[in-house]
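What follows is a short report on a single structure.
No value in this document is a laboratory result; all are computed from the given coordinates. Predicted model, so just to flag it, every value in this text is computed and none were measured. Methodologically, a virtual Cβ is constructed for each residue, glycine included, from the backbone with ideal geometry; neighbour enumeration extends over all protein chains shown.
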């Protein structure tokens, strides 16, 4: 009997709570809906998951603060996510479904330049502002899309900063050997470096690409040894770069400057190479050691970093940060516009000029975040140290021993 | 760069290639099973070695033995409990089964170990022989790979179980009539294939970063080596491995790294047409 009474009581309580919640919901009936096609399975699952984590962190923060401030009224945010299984076709269909069926106010693009382009095309047709969180190739932003805004800066920006830091720190580094992975982003970073270096009056003594399925890099690295370069520049993913650095040590190949894009940005690069990682330079769109104070739900890079580490037990990288920053930019644009009207928010995005935990965000005419001085880092004493920009500099460039 | 270095690089990676392929080749030759799990077996061996080194400070050169034993047991059980049920079916059936099992194993490894690349940071230094640089850890891996391959060869030639495996390979029915327990021989053969993969994984952990994302790459190499060298024989895998190592080194040196892999596949295609039995033919069952 007693148990039954209890259950009864709980039932009533639950009903009251549900009713209360419904009533509260009515009061806040208007929510801002943001749609995100994500690669949660398939080839880009790792990257898709990174975006999802960042979105969730932002969503919890914003809703805990009562939502986005739209002309003095707080509006809660609802995030609608679908898994597009790393299939371009599905990304396109889901973007359309989000706009037509779910009636989202804004969209977030998937990982990478290719899929961003597809979703941006749909968004443009319906006039829905779409935030690109991880597209850095100019070809996406020169399509004349008016509703596309991205938080990453162009590839060329990071390379120009890198060359400036090296030519100032080690002026004798004139002859560069480039080894790039035959793959969209790593290859673009190798080509961009080659062009920018030539423009800066440096000499490219070799430019080679290794295939995606390369297990061993002994031959291209031994070739570099005979050229005796002053600067060795390698692009690829962590596995390739760990292997490349290890084989450089094995074959006694080194140079005063060794750059790896984007190895030292990731913790696993330094962890698995240990002392071999020492002195390697790199460029990134974001690094948590570059501290900013910003007007956003976190307020500072440190707060973002601390929350991330407590939650994920690992360091955030640029993918996480750029994804969260995209939502911050959208939030600030809505607040600035004072409405969720798509065209007005689009205009607010175009004229946005803010500083966030991620750094400054100011979109150039093509929609890319151009207002950023990209950090250059070097592994010193087993840790990534910021060499550039001046404002957050932690150390100076040292030649590799 | 002198040719000495190219040859040295080719031979060092070639010995590891031989080790990668020998277990795969044995299983394919004897059981007529294309073991899609081979690459994952190698990586599992690599991970066991890595964790033994990280947590227990066991040198990979020592952990080769226990890792190989663990993989043998795993391989034996998989064959005994599962593959033996369909082993007489057409090759596509067993291929599908091992493919499915590989997906399970691969995803479990992804879940447990994540795809983050790790490395056994054991830098032994290098030997400099008049301009030809030999990294000591690769030399050790090369010697171990050759010893392991030689050991397998000796087992196949001289031991009772080795002869039984060869007998089953030559004629399954006749071997059964002679009183050989064919299913047992199959399970042991598959176990040996896994053992070689595990031992090879321990060596691979010394020279390559270990990550689940390269399992397919190892499997692909094993295929090419088997076709180049010849299927089902230990010398075939050895010749195929060393040949592929040298081919890739020279193609990479003369042309470009992209061409290296392409050349390996091209030579494989040519051999398939001209000499389908591979370089070391099938003159007999060792």
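Counting only Cα, what are the radius of gyration and maximum Cα-Cα distance Dmax of the range A:194-306, in Å?
According to the Cα coordinates of the range A:194-306, Rg and Dmax are 16.7, 53 Å.
Only helical DSSP H runs with n ≥ 4 go in: add -39500 (n - 2.57) per run for the protein assembly as shown, normalise by residue count and round the 222 nm mean residue ellipticity to 500 deg cm²/dmol. Please report the intermediate quantities before stating the final value.
Values: 24 runs with 389 residues, N = 687.
That calculation yields -19000 deg cm²/dmol at 222 nm.
Taking every pair of alpha-carbon atoms in the range B:66-142, give the share separated by more than 20 Å as a whole percent.
The proportion of pairs with Cα distances above 20 Å equals 59 percent.
Using the 10 angstrom Cβ neighbour count as an exposure proxy, how do A:340, B:215 rank, fewest first?
Arranged by neighbour count, lowest to highest, A:340, B:215 become A:340, B:215.
Between residue B:88 and residue B:124, what's the calculated FRET efficiency when r is the beta-carbon distance and R0 is 56 Å? Round to 0.05. Walk me through the intermediate numbers first.
Numbers: r = 47 Å, r/R0 = 0.85.
After rounding to 0.05, the efficiency reads 0.75.
Going by Cα centres, the range B:219-239 and the range A:155-203 are how many Å apart?
41
Take B:226, B:200 and order them by how many other Cβ atoms sit within 10 Å, fewest up front.
Going from least to most buried by this count: B:226, B:200.
For the range B:111-203, what does the equivalent ellipsoid look like in terms of its semi-axes, each the square root of 5 times an eigenvalue of the Cα gyration tensor, given largest first in whole Å?
Semi-axis lengths for the range B:111-203 are 38, 19, 8 Å.
For chain A, treating each Cα as an identical point scatterer without solvent, what Debye log10 I(q)/I(0) comes out at q = 0.07, 0.08, 0.09 1/Å?
-0.37, -0.47, -0.58
How would you classify the protein assembly as shown from its alpha-carbon gyration tensor, with a ≥ b ≥ c the square roots of the eigenvalues: rounded for a/c under 1.5, else prolate if a/b is greater than b/c, otherwise oblate? Numbers along the way, then the final one.
Working: a/c = 2.31, a/b = 1.45, b/c = 1.59.
Oblate, because a/c is 1.5 or more while a/b does not exceed b/c.
Considering only DSSP beta bridges with both partners in the protein assembly as shown, what is the antiparallel share in %, to the nearest 5?
40
With a ≥ b ≥ c taken as the square roots of the eigenvalues of the C-alpha gyration tensor of the range B:109-164, please select rounded if a/c is under 1.5 and otherwise prolate if a/b is larger than b/c or oblate if it is not?
In terms of gyration-tensor shape, oblate.
For the range B:185-214 and the range A:27-85, write down the distance between their C-alpha centroids in whole Å.
43
Average projected area of the Cα convex hull of chain B, in nm²?
For chain B, the mean projected area of the Cα convex hull comes to 15.2 nm².
Round to the nearest 10 and give me the degree value, 0 to 90, for the angle of helix A:88-100's Cα axis relative to the longest principal axis of chain A.
In chain A, helix A:88-100 runs at an angle near 30 degrees to the longest axis.
Points 7 angstrom from Cα along the Cβ direction at residue B:62 and residue A:267: gap in nanometres?
Distance between label points: 2.9 nm.
Let me know the shape class of the range B:51-181, please: from the alpha-carbon gyration tensor, a ≥ b ≥ c as square roots of the eigenvalues, rounded when a/c is under 1.5, otherwise prolate if a/b is greater than b/c, or oblate.
It comes out oblate by the Cα gyration axes.
With a 10 Å Cβ neighbour count serving as the proxy for reagent exposure, in which order, fewest first, do B:62, A:379, A:130 appear?
Exposure proxy ranking, most exposed first: B:62, A:379, A:130.
Between residue A:172 and residue A:302, what length comes free when the chain is fully extended (0.36 nm per residue of separation minus the Cα-Cα distance, one decimal in nm)?
On the way: separation 130, 0.36 × 130 = 46.80 nm, distance 3.68 nm.
Taking residue A:172 through residue A:302 to full extension adds about 43.1 nm, to one decimal.
Roughly how tilted is helix B:215-229, in degrees to the nearest 10 and between 0 and 90, from the longest Cα axis of chain B?
In chain B, helix B:215-229 runs at an angle near 80 degrees to the longest axis.
Does anyone have the angle between helix A:155-169 and the longest principal axis of chain A? Alpha-carbon axes, 0 to 90°, nearest 10?
40
Taking the simple approach of a point 7 Å from Cα along Cα-to-Cβ for both residue A:390 and residue B:266, what is their distance in nm?
5.4
Applying 1/(1 + (r/R0)^6) with R0 = 30 Å to the Cβ-Cβ distance of residue A:76 and residue A:364, what FRET efficiency is obtained, to the nearest 0.05?
0.40
Give the Rg (one decimal place) followed by the Dmax (whole number) of the range A:91-205, computed from C-alpha coordinates and expressed in Å.
When restricted to Cα atoms, the range A:91-205 yields Rg and Dmax of 18.3, 61 Å.
Rounded to two decimals, what is the ratio between the C-alpha radius of gyration of the range A:243-401 and 2.2 N^0.38 Å?
So the range A:243-401 has a normalised radius of gyration of 1.20.
For the pair residue B:55/residue B:147, report the inter-label distance in nm, with labels modelled 7 Å from Cα in the Cβ direction.
Between residue B:55 and residue B:147, the simple spin-label model gives 2.7 nm.
Across the range A:26-129, what fraction of all alpha-carbon pairs, as a whole percent, falls in each successive 10 Å bin from zero upward?
Histogram of Cα-Cα distances, whole percents per bin: 15, 45, 31, 9, 0.
Using alpha-carbon positions, what is the distance between the centroids of the range B:102-168 and the range A:315-370, in Å?
Here the two parts' Cα centres lie 51 Å apart.
When you have a sec, figure out the Kirkwood radius of the range B:143-286 from all distinct Cα pair distances and drop it here in Å to one decimal?
Working: mean 1/r = 0.0598 Å⁻¹.
Across the range B:143-286, the inverse of the average 1/r is 16.7 Å.
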